[in-house]
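These notes are about the structure you will find just below.
A short reminder: the numbers here are calculations on the coordinates, not readings from a lab. No experiment lies behind these values; they were computed from the predicted model shown. All Cβ positions, glycine included, derive from the backbone under ideal geometry; neighbour counts span all protein chains shown.
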Amino acid sequence: MRHFLSLKDFTKDELLEMISLAQQIKKETKAKEFKPYLEKQTLGMIFEKSSTRTRVSFETGIYQLGGVGLFLSSNDIQLGRGEPMKDTSRVISRMVDMVMIRTFEQSKLEEFAHYSKVPVINGLTDAYHPVQLMTDYLTMLEFGITNPVVAYVGDGNNMTHSWLMLSAKLGFELRVATPKGYECDANIIKEALAIAKTSGAKITFSNDPQIAVKDANVVTTDTWVSMGQEDEKEERLKAFEGYIVDENLMSLAEKNAIFLHCLPAYREYEVSEAIFEQHADEIFTEAENRLHAQKGIMVWLDQHRDN
Ligand code: CP
Ligand code: NVA
């Protein structure tokens with residue numbers, strides 16, 4: 001049995017198999033052909049943080065695959081009152097067929113997975129957001145980006161870490177620009193660079209958004225204040241001055257460069273209103289693709305159960 005906790009746990013071929021399942025199922029869904037790949041299966045969806053896209057896409061996705069989603073907010077289940085993760089896992093995984101978790105530490109997700117009888121999917125942790133990156137890759141392909149040169153401008157956070165792993169695994173170029181003091185986690189950088197050596201990915205880091213964006217064909221960013229960092233908001237807004245993706249910065253990218261944002265977006269902070277609206281088609285296709293990419297992941301995990 002395989003879990004989907006981080007992109008680093010999969011080979012390039014495995015990730016591409018999930019993408020190609022997603023493409024096939026997206027085509028079927030668009031033709032209103034809802035094949036019951038996960039008939040009568042239940043997906044438990046545990047949320048310790050807020051969500052719009054992750055909740056709606058997983059719940060709709062499992063339903064369209066012939067199953068049902070259970071929304072389990074930590075405010076409502078005993079986990080929120082202190083029932084241990086490992087007990088929650090041993091209970092829920094005896095009743096459902098797959099679990100998606102959005103939580104804080106990656107170690108909490110790993111603990112759940114360790115005790116789980118069914119595949120577990122990372123729906124965002126402080127360290128990674130891998131389902132979003134599979135979605136972003138699917139979206140890049142749809143917009144004709146087959147040889148990505150990606151510029152990530154902003155916070156060295158869960159999104160950036162997942163970009164590092166995606167680039168390292170698939171072997172494309174990634175330039176990361178973060179302000180001083182907001183760089184990516186040093187251990188994750190080390191791991192990604194080690195993987196990149198085998199794939200040939202070129203990954204570079206700087207504190208200069210202009211260097212990152214120059215001639216890139218994909219520009220992306222994320223909020224400067226992630227969930228759980230609300231107390232740091234004021235100091236973060238100061239530290240990220242000059243990191244907005246606006247028309248000036250975007251003009252340095254390749255002429256037909258696309259702009260991606262996992263959302264929610266904070267206009268006039270990490271992205272200008274003008275750039276956001278100019279690239280709304282890409283951004284909202286990306287949002288829709290959560291539905292399709294995650295179907296590919298869920299069906300792949302189901303195909304790789306031991307029993
Ligand atoms: N991008 C993303 O994960 O959105 P939500 O927080 O709304 O799920
Ligand atoms: N980095 C953001 C992503 C939101 C989808 C956060 O963790 O809040």
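Structure values in brief
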read-out: Set Phe104, Phe58, Phe71: member being surrounded by fewer than 21 Cβ atoms within 10 Å (Cβ to Cβ) and either touching a helix residue (DSSP H, G or I) at 6+ places or on another chain (Cβ under 9 Å) or among the aliphatic types (A, V, I, L, M) (or both); value: Phe71
read-out: Residues that are assigned to a helix (DSSP H, G or I) and within 16 Å of ligand 1 (Cβ to nearest atom), drawn from the range 155-182; value: Asn158, Met159, Thr160, His161, Ser162, Trp163, Leu166
read-out: Checklist (1) more than 29 Å from Ser51 (Cβ to Cβ); (2) of a type in the set (Val, Ile, Thr); (3) in contact with a strand residue (DSSP E or B) (Cβ under 6 Å, 6 or more places away or on another chain) applied to Thr221, failing item; value: (1)
read-out: Tabulated pairs, the range 245-267, first at positive phi, second outside any loop (DSSP other than H, G, I, E, B) and of a type in the set (A, V, I, L, M, F, W, C), C-beta under 8 angstrom, 6+ apart or interchain; value: Leu263/Ile283; Leu263/Ala287
read-out: Exclusive hit being in contact with a Leu (Cβ under 9 Å, 6 or more places away or on another chain), under 21 Å from Arg305 (Cα atoms) and surrounded by fewer than 19 Cβ atoms within 10 Å (Cβ to Cβ), set Lys12, Lys49, Lys40; value: Lys12
read-out: Cβ pairs under 8 Å, 6+ apart, first in the range 41-64 and without any contact (Cβ under 8 Å) to a residue 12 or more places away in the chain and under 23 Å from Leu79 (Cα atoms), second within 11 Å of ligand 1 (Cβ to nearest atom) and aromatic (Phe, Trp, Tyr); value: none
read-out: The listed residue being away from ligand 1 (no atom under 16 Å from the Cβ), more than 18 Å from the chain's Cα centre (by Cα) and not aliphatic (A, V, I, L, M), out of Asp215, Asp185; value: Asp215
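Residue-by-condition table, conditions (1) closer than 20 Å to Val118 by Cβ; (2) in contact with a His (Cβ under 6 Å, 6 or more places away or on another chain); (3) assigned to a loop (DSSP other than H, G, I, E, B); (4) among the β-branched types (Val, Ile, Thr):
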{"residue": "Ala22", "(1), (2), (3), (4)": "no, yes, no, no"}
{"residue": "Lys26", "(1), (2), (3), (4)": "no, yes, no, no"}
{"residue": "Lys35", "(1), (2), (3), (4)": "no, no, yes, no"}
{"residue": "Gly44", "(1), (2), (3), (4)": "yes, no, no, no"}
{"residue": "Gly69", "(1), (2), (3), (4)": "yes, no, no, no"}
{"residue": "Asp76", "(1), (2), (3), (4)": "no, no, yes, no"}
{"residue": "Ile101", "(1), (2), (3), (4)": "yes, no, no, yes"}
